[in-house]
Amino acid sequence: MVKLRSTQILFYVQLLLVLILHSSPSTCQEVEDEREFNYVEGSEKGPEKWGEIHPEWEKCNTGEMQSPIDLLNERVSVVSHLGRLKRSYKPSNATIINRGHDIMLKWVGGAGSIKINGTDYILQQCHWHSPSEHTINGKRFDLEVHLVHESLDKKIAVVGITYIIGRPDSFLSDLLYHIRSVADTKKDERVVGVVNPREIKLGSRKYYRYIGSLTIPPCTENVLWTIIRKVRTVSREQVRLLREAVHDDSNMNSRPVQPIRKHKVHLFRPDDD
């Protein structure tokens, strides 16, 4: 029998710990398995029940800074000190996947970053919700895209852009072939090629800023939200294609607006605007 020295044993124990840690899903990340939950209000897996499905999802029911919210004028403080969004995005290789509850475009290794309060958040992926999750003065829009960023210390920042039916969105137009290719699949990740995230147009320097949460389980809080004030346009066909990713009876993938509790909402408006 081969005898292992204490240094060898220590090495194998450390290796095992590393494998365990890296194989366990991070509780701060969005759930990938759409069978775990749905958007059908009143159902056993619907939004009201998310916090009861798993203990680590309890924030979905008990959290005091949950998202999405209604960006009501009376609750919003207009400020000019937040500064313009500093995007340092770059074209990067991407893949597309139908997660069942949405279509997600993921950049391999990130696609540049956005700087907020001195912290760089690397752009990881974007996905779409229809109708919009955030509302403005009670108005819900036809679509909302979320650009999900993560800092080196695992903090999350999301930029949201809302859309109404009108002219096609040029970024989505470039992705139509790839969206159709995964529309009838589940968990089938396809290579898209190089995608430039700067093609996702903001259209306004004004934006809302608040601290909230992920809008799907585990509903992790302390997510830094930036919602662009300008509402852009998207075609009915583009919205229809994105909705085909949803496999529940609600034919939507938007969490209901959450109660305002400890949220503090600011609207950045430049002094020269």
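The values are calculated or read from the model by the stated rules, or taken from the named source; none is laboratory data. The shown structure was predicted, so the numbers you read here are calculated from the model rather than taken from an experiment. With ideal geometry, Cβ positions are generated from the backbone for all residues, glycine too; neighbour counts draw on all protein chains shown. Side chains included, ligands, DNA and RNA excluded: accessible areas come from the protein's heavy atoms. Shrake-Rupley method; radii C 1.70, N 1.55, O 1.52, S 1.80 Å.
Residues checked against (1) among the hydrophobic types (A, V, I, L, M, F, W, C); (2) in a helix (DSSP H, G or I); (3) touching a strand residue (DSSP E or B) at 6+ places or on another chain (Cβ under 7 Å):
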position: His81; (1), (2), (3): no, no, no
position: Arg84; (1), (2), (3): no, no, no
position: Ser88; (1), (2), (3): no, no, yes
position: Asn93; (1), (2), (3): no, no, yes
position: Gly100; (1), (2), (3): no, no, no
position: Leu105; (1), (2), (3): yes, no, yes
position: Ser113; (1), (2), (3): no, no, yes
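Scan segment 249-273 for residues that are crowded, with 18+ Cβ neighbours inside 10 Å and within 20 Å of Met104 (Cα to Cα) and the total you get is 3. Exactly one residue out of Gly118, Gly100, Gly112 is of a type outside the set (S, T, N, Q), more than 25 Å from Ser235 (Cβ to Cβ) and either touching a residue at least 40 places away in the same chain (Cβ under 8 Å) or crowded, with 18+ Cβ neighbours inside 10 Å (or both), and it is Gly112.
Looking across segment 184-216, the residues that are at pLDDT 95 or above and of a type in the set (S, T, N, Q) come down to Asn196, Ser213, Thr215.
Sort through Ser67, Ser113 and tell me the only one that's at pLDDT 95 or above, within 21 Å of the chain's Cα centre (by Cα), polar (S, T, N, Q) and within 19 Å of Gln258 (Cα to Cα). Only one candidate passes the filter, namely Ser67. Of all the numbered requirements in (1) at pLDDT 95 or above; (2) acidic (Asp, Glu); (3) open to solvent by 20 Å² or more (accessible area, probe 1.4 Å); (4) within 30 Å of Pro55 (Cα to Cα), Glu144 misses one, and that requirement is (3). The residues on offer are Gly193, Gly203, and the sole one that is out of contact with any His (no Cβ under 8 Å at 6 or more places or on another chain), open to solvent by 10 Å² or more (accessible area, probe 1.4 Å), part of a loop (DSSP other than H, G, I, E, B) and farther than 29 Å from Pro47 by Cα is Gly203. Out of Arg167, Arg180, one residue alone is surrounded by fewer than 15 Cβ atoms within 10 Å (Cβ to Cβ) and modelled with pLDDT of 95 or more. It is Arg167.
Would you check which residues across segment 146-188 are charged (D, E, K, R), within 20 Å of Ala94 (Cα to Cα) and assigned to a loop (DSSP other than H, G, I, E, B) and list them? Hits for segment 146-188 are Asp169, Asp184, Lys186, Lys187, Asp188. For segment 27-36, the criterion of being assigned to a loop (DSSP other than H, G, I, E, B), exposed (fewer than 15 other Cβ atoms within 10 Å of the Cβ) and at pLDDT 95 or above is met by no residue. Total residues in segment 92-121 satisfying the condition of being over 30 Å from Ser250 (Cβ atoms), in contact with a Phe, Trp or Tyr (Cβ under 9 Å, 6 or more places away or on another chain) and of a type outside the set (S, T, N, Q): the figure is 4.
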